[in-house]
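Q: Handing you a structure now.
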Amino acid sequence: MVVAMLALMIALGGTSYAAVKLPKGSVGSRELKKNAVTTASIKNSAVTGAKVKADSLTGDDINEATLAPPPLAAASTHANGAAALDRVTYRSAGGSVPQAGTDPAGNPITATAAMSVGCDPGQIATGGGVKVDDPGSQAVHESYPNTARTWTGTVGNDDENAGHNFTVFVVCIPAGAVG
């Protein structure tokens, strides 16, 4: 009987020891119950950026006030970086597209015309577009920067009774303002 009691005590002692002192790396995600690890159980600063899954954080997760400004924004002032935006210019040129025609079989043929407008010397095009006078008959086929200083637009006209006008415009800034 004494031997049985001694064996029981040793067995229970070994179990409690194993429950308290587990070998390193012996508990993994399979051994953890769902929701066993909570925010309160994670030590402060224990999770670093290297441990966060890429693209898992949203803007709501980040305190923007704690972020440093981007290097370019930190170095820019109105006098040296944004002053060029004070000198944005806008140029436009008008064009016309003839009335639509028909082929020998009587099928309509869309008439097209292109027009380009350019920035002044020392400026570059940062954007542009095309405005048609009759959206019901006209369509913008192309609108693109043709060179660093010019914007080009191509317009089609489906009106078999009249030609129509359109305007191509370009937005320009000084070339030195581009980083």
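Q: Using R₀ = 45 Å, calculate the FRET efficiency as 1/(1 + (r/R₀)^6) where r is the Cβ-Cβ separation of Ala148 and Asn44; round to 0.05.
A: 0.30
Q: Once phi is turned into ³J(HN,Hα) by the Karplus curve 6.51 cos²θ - 1.76 cosθ + 1.60 with θ = phi - 60°, what whole-Hz value does each residue of the stretch 162-173 show in order, with x for glycine and proline?
A: For the stretch 162-173, the Karplus curve yields 7, x, 9, 9, 8, 10, 10, 10, 9, 9, 10, 10 Hz.
Q: To continue, here is another question. Once amide H atoms are placed 1.01 Å from N in the peptide plane, what residues at a sequence separation of 5 or more from Asp159, or on another chain, have their amide H within under 5 Å of its amide H?
A: HN-HN under 5 Å from Asp159: Ala100.
Q: Could you pull out every one of the lysines with an alpha carbon less than 23 Å from that of Lys33, ignoring same-chain neighbours closer than 8 positions?
A: The reachable lysines, counting only those whose Cα sits under 23 Å from Lys33, are Lys21, Lys24, Lys43, Lys51, Lys53.
Q: In debye to the nearest 20, how big a dipole does the stretch 88-177 give about its Cα centre with +1 on each Lys and Arg Cβ and -1 on each Asp and Glu Cβ?
A: Magnitude of the dipole: close to 480 debye.
Q: Let me ask something else. P(r) for the stretch 88-177, please, calculated from all Cα pair distances in 10 Å bins and given in %.
A: 20, 41, 24, 12, 3, 0
Q: Over the stretch 88-177, what is the mean sequence separation of C-alpha contacts under 8 Å (at least six apart), divided by residue count, expressed as relative contact order in percent?
A: Dividing the mean separation by the residue count of the stretch 88-177 yields 42 percent.
Q: Considering the convex hull of the alpha carbon atoms of the stretch 128-179, report its projected area averaged over all viewing directions, in nm², one decimal.
A: Over every viewing direction, the Cα hull of the stretch 128-179 projects on average to 3.9 nm².
Q: I've got another one for you. Starting from the Cα coordinates of the stretch 86-137, work out the convex hull volume and express it per residue in Å³.
A: 108 Å³
Read-outs throughout are calculated quantities, based only on the coordinates presented, and are distinct from any laboratory measurement. All values derive from a computational prediction rather than experimental measurement. Virtual Cβ from ideal backbone geometry, glycine too; neighbours counted across all protein chains shown.
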